[in-house]
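Working notes, beginning with the structure itself.
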């Protein structure tokens, strides 16, 4: 998995180097699964070409959000500038998932998400609601996320999420509305 790829040409160059090195190794690997992190927003505008050439994509949520909103997540005065639970981010992720499912003649490309967002139960609930089936998180996030998802009525939440998103078009974040629904359902996050 190659990090910080900004163009499909960069991915092709990195893959070519990897394959050249793999040919030199003895015994040669029988198969390599080669993919990229999606952290640089520019790659979203090359998505169709990228998805035809990768075996998988992993969204690097920390860097993607930082670059998408031009806000250093380590700067306290900018930390509230962006939120995963905002329309721009959810639209971007939904677009990615839709394109990945349709890629390779409908065979699809697996998409996962890693980063801090995956280990936060409320965000994980929304990510699963969008259609993510693979979240990579620190070990400390596994039990809280698993507990919330175990109590979630996913089809009901997907309908609620769609309704929230349709009425919150100009909102900076839908966090409070989603959190209120989760609390009403007895979900802990």
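Read-outs: derived from the displayed coordinates by stated rules, not from any lab. Given the structure is predicted, the values throughout are model-derived calculations rather than measurements. Positions of Cβ are backbone-derived with ideal geometry, glycine not excepted, and every protein chain shown enters the neighbour counts.
Checking the condition in a loop (DSSP other than H, G, I, E, B), surrounded by 19 or more Cβ atoms within 10 Å (Cβ to Cβ) and touching a helix residue (DSSP H, G or I) at 6+ places or on another chain (Cβ under 7 Å), which residue from 84, 51, 65 passes? Give the steps one after another, and end with the answer.
Numbers: 51 fails: in a loop (DSSP other than H, G, I, E, B); 65 fails: in a loop (DSSP other than H, G, I, E, B).
One residue alone meets the criteria, 84.
Residues that are surrounded by 15 or more Cβ atoms within 10 Å (Cβ to Cβ) and assigned to a helix (DSSP H, G or I) within region 22-48 comprise 41, 43, 44, 46, 47, listed in sequence order. Taking residue 75, is it without any contact (Cβ under 8 Å) to a residue 60 or more places away in the chain and closer than 30 Å to residue 179 by Cβ? Answer is yes for this residue. Output yes when any residue across region 93-106 is in a loop (DSSP other than H, G, I, E, B), without any contact (Cβ under 8 Å) to a residue 24 or more places away in the chain and more than 17 Å from residue 149 (Cβ to Cβ), and no when none is. Checked region 93-106: no residue is in a loop (DSSP other than H, G, I, E, B), without any contact (Cβ under 8 Å) to a residue 24 or more places away in the chain and more than 17 Å from residue 149 (Cβ to Cβ).
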